[in-house]
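Each value in this text was obtained by applying a stated rule to the coordinates, not by laboratory testing. Being a predicted model, the structure only gives us computed values, none of them experimental. All Cβ positions, glycine included, derive from the backbone under ideal geometry; neighbour counts span all protein chains shown.
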Amino acid sequence: MASTDRAIGIIETRGVVALTAGIEAMMKTSDVRTIAVERVSSGYLAAAVQGSLAAVRSAVEAGSQAVRQYGELRAAQVYPKPHAEAGALLDNGTSARLQSGIAALESGGSP
């Protein structure tokens, strides 16, 4: 069973504003990349980040605090050494769409 050296952190929130605040805090606080954003159920959303264990722990803590400020934090979890297949489950194309949107915004175009 292979594991990855990149930790994964996930936060689950209620509401888009809270999730956006959480993602923003995670990205600004630590050297992590957002690997997935998912609608869990009606009104509930989750975001996953990946990076070194220390960076992910710091990011999830900062993201959790930001979410609490703007809405409801349902759950937050850090997976220090996820199995490679577990990380692949989160790879649903979200990361590529996020990168495309960022590139479009940086170039002044639309995503």
Specify whether the C-alpha gyration tensor of segment 39-85 places it in the rounded, prolate or oblate class, a ≥ b ≥ c being the square roots of the eigenvalues: rounded for a/c under 1.5, otherwise prolate if a/b is larger than b/c and oblate if not. oblate
For segment 1-85, what is the charge dipole size about the Cα centre, in debye to the nearest 20, if Lys and Arg each add +1 at the Cβ and Asp and Glu each add -1 at the Cβ? 80
